[in-house]
Amino acid sequence: MAPTKAVPINAADLSNAVEFVSFGEPFENSAYICLDDGKIYWRSASAGLEDEDLPEDLGSSDRYLEVPHKNDLDLGRRLALAFVNKELPDDADTVAAFFRRRGAYRRFKELLNARGMLQQWFDFESRATEKALRAWCEENGIQLVDG
């Protein structure tokens, strides 16, 4: 349920939190937004961000909203395949095969670089990320602010 008053969150901070949550193995990193003041709390045992700096009620209170993983926003494999289908349809089967094995993004980006399409991918990904985050914020009562 979205809070009645939208909490403001810096767009760059939220984007960084999504990148953090999406980095590494699934569930390795997490971040939470306090719906009272907009502060973002970060958790990662592998990065040395242990539970001692987190609020005691983080897991039990509805005052915190978990920052989504890129895959929760359809910004992972599905987005890469959509880009390839649109921009490089002749490579669609090759890229789909990449995503059946480990190291898919590395191979995907190597292919894009070889085709001179890496910057176009970054631009496409950036637009899709901004759109998805704005929609997620609206659904969750968060006011995304620039600067």
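What number of residues in the range 108-120 are closer than 16 Å to Leu81 by Cβ and touching a Leu at 6+ places or on another chain (Cβ under 7 Å)?
Number of matching residues: 4.
Please find, within the range 92-147, the residue that is modelled with the lowest pLDDT out of those that are within 15 Å of Arg78 (Cα to Cα) and among the β-branched types (Val, Ile, Thr).
My answer is Thr129.
Select, from Gly76, Gly38, the only residue that is of a type outside the set (Ser, Thr, Tyr) and touching a His at 6+ places or on another chain (Cβ under 9 Å).
Within the list Gly76, Gly38, the selection yields Gly76.
Answer yes or no: is there a residue in the range 97-120 that is surrounded by 14 or more Cβ atoms within 10 Å (Cβ to Cβ), out of contact with any Ser or Thr (no Cβ under 7 Å at 6 or more places or on another chain) and polar (S, T, N, Q).
yes
Of the residues that sit in the range 121-140 and are out of contact with any strand residue (DSSP E or B) (no Cβ under 7 Å at 6 or more places or on another chain) and over 20 Å from Leu81 (Cα atoms), which one is surrounded by the most Cβ atoms within 10 Å (Cβ to Cβ)?
Trp136
Any residue in the range 53-74 that's in contact (Cβ under 8 Å) with a residue 24 or more places away in the chain: show its pairings with residues that are polar (S, T, N, Q) at Cβ separation under 8 Å, as long as the two are six or more apart or on different chains.
From the range 53-74, the pairs are Leu65/Asn140; Glu66/Ser30; Val67/Ser30; His69/Ser22; Lys70/Ser22; Lys70/Thr129; Asn71/Ser22; Leu73/Thr129.
Give the residues of the range 5-19 that are at pLDDT below 90 and either part of a helix (DSSP H, G or I) or among the basic types (Lys, Arg) (or both), sorted by residue number.
Step one: list which residues in the range 5-19 are at pLDDT below 90, which gives 5-6.
Result: Lys5, single match.
State yes or no: is Glu56 under 16 Å from the mean Cα position of the chain (by Cα) and either outside the structural domain of Lys109 (by TED's automatic domain parsing) or farther than 22 Å from Glu139 by Cβ (or both)?
Taking the combined requirement at face value, the residue does not satisfy it.
When the range 94-147 is examined, which residues are found to be within 21 Å of His69 (Cβ to Cβ) and outside any helix (DSSP H, G or I)?
Scanning the range 94-147 gives Phe99, Arg100, Arg101, Arg102, Gly103, Asn140, Gly141, Ile142, Leu144.
Could you say which residue among Leu65, Leu79 is hydrophobic (A, V, I, L, M, F, W, C) and farther than 21 Å from Gln119 by Cβ?
On inspection, the qualifying residue turns out to be Leu65.
The values are calculated or read from the model by the stated rules, or taken from the named source; none is laboratory data. Please read these numbers as outputs of a predicted model, since none were measured by experiment. Note: ideal-geometry Cβ built from the backbone for every residue, glycine included; neighbour counts use all protein chains shown.
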